[in-house]
Structure formats: structure tokens, C-alpha cells
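Below is one structure, written out as C-alpha cells; the observations come after it.
The values are calculated or read from the model by the stated rules, or taken from the named source; none is laboratory data. All figures in this text were calculated on a predicted structure; none of them were measured in a lab. Cβ placement follows ideal geometry from the backbone for every residue including glycine, while neighbour counts extend to all protein chains displayed. Ligands, DNA and RNA are stripped out before the accessible areas are found, and what is left, the full protein with its side chains, is counted by its heavy atoms. Shrake-Rupley method; radii C 1.70, N 1.55, O 1.52, S 1.80 Å.
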Amino acid sequence: MKKTILRAFVIAPVLLWMGSGIDVTVPPTTGVGSEITTVDDPAGFVEKPNPGLVREVTAYNVGVRGQTSDDPCIGATGENLCSLIARGLKVCAANFVDPETILHIEGYGECVVLDRMHRRFAHRVDIAMREDEVDKAIEFGIQRRQVEVITGRP
């Protein structure tokens, strides 16, 4: 009985931490093909860039009412996301930064935050796709990628 209780006290915090959405800083990669730049400090310290945080990244389709609001082309900022995406602008939704912030998503590139998500997804990034790319959004699924906040506005 004591072993069972002890296991519960050990396993429960681990499971809670895994599902908590806490961001984990990814250590910089080193070795062949690494592009890490360092700046030598006279004090002997080496400064390394922050590679970003690993976050859950998903995709959704603007213009599809079941995935958005009653006005499926209008984002949280009031912009017509359907027309912006049709013109080739990469748009995403995120709650952890201000609207119009630029994010760099590993393997995707830069996107502008012009929409919001449900508050239960506070740490996710949702990439906006065209209305006719529903299969592509489903195939994208939920991925864990490095996400870096780019300073400045579009």
C-alpha cells in the first residue's frame, strides 16, 4: 500500500507537468551544420542567442465557420484574413503575444498574429490556411516546433 501511494506522489506531478503547457527552452544545437554565433566578452563569458521556445503549433482554415466565429473571414484584429491569406501573407493566431506581433515558426517561417484562439490554448500557435486547404490543416495536426517572437511590427 505504501509503495502505491509513493508511486502516485511521484507519477502525478510528472503527468500534471506534461499536460500543463509549460514552455520548455530548447538548448542550442552544436556540431556539424550548427549556425550558432557567439560573441566573446572581455570577462570571458560567451553569449549565445535564445533559440525560442518549443510550443504546440496547429493549423486552422479561415473562412470555415465551424473552425472560427460567426464571421469566419474577420480576425480578432478586424482584418479580413481570407483576403490577406489569398494575397500570400502568412497569418497566425496566438494569445501569448500582442496582436500584430511577428512570430518565426521553425520549418514554416514568419507569420503575423492577427487572430486569437480560445483561452484554453493560451500557449499554442495556430497557423491560418485557406478555406480550400482543410485536408492540409488536418494533416498538419498538432506539432511541437520552436517559436520565436520577432521584435517589431509589420
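Ranked from largest to smallest solvent-accessible area, with a 1.4 Å probe on the protein heavy atoms, 62, 134 come out as 134, 62.
Find, among the trypsin sites (Lys or Arg not before Pro) in region 80-154, those assigned to loop by DSSP (not H, G, I, E, B) with at most 10 other beta-carbon atoms within 10 angstrom. All intermediate terms of the calculation are to be shown ahead of the outcome.
Numbers: sites: 87, 90, 116, 119, 120, 124, 130, 136, 144, 145; in loops: 87, 90, 116, 124, 130.
Qualifying residues, ordered by number: 87.
Rg/Rh, computed from the Cα trace of region 91-151 with Rh as the Kirkwood radius, has the value 0.94.
Take 148, 110 and sort them by solvent-accessible surface of the protein heavy atoms, 1.4 Å probe, largest at the top.
Numbers: 148 70, 110 100 Å².
Reading off the accessible areas and sorting them downward yields 110, 148.
Heavy-atom accessible area for residue 123, with the other protein chains in place and a 1.4 Å probe, reaches approximately 80 Å². Near residue 118: Cβ cut-off under 12 Å, other residues only, Lys/Arg at +1 and Asp/Glu at -1. The net charge is +2. Measuring with a 1.4 angstrom probe and ignoring ligands and nucleic acids, residue 89 comes out at about 70 Å² accessible.
Mean sequence separation of contacting Cα pairs (under 8 Å, at least six apart), scaled by the length of region 50-118, corresponds to a relative contact order of 25 percent.
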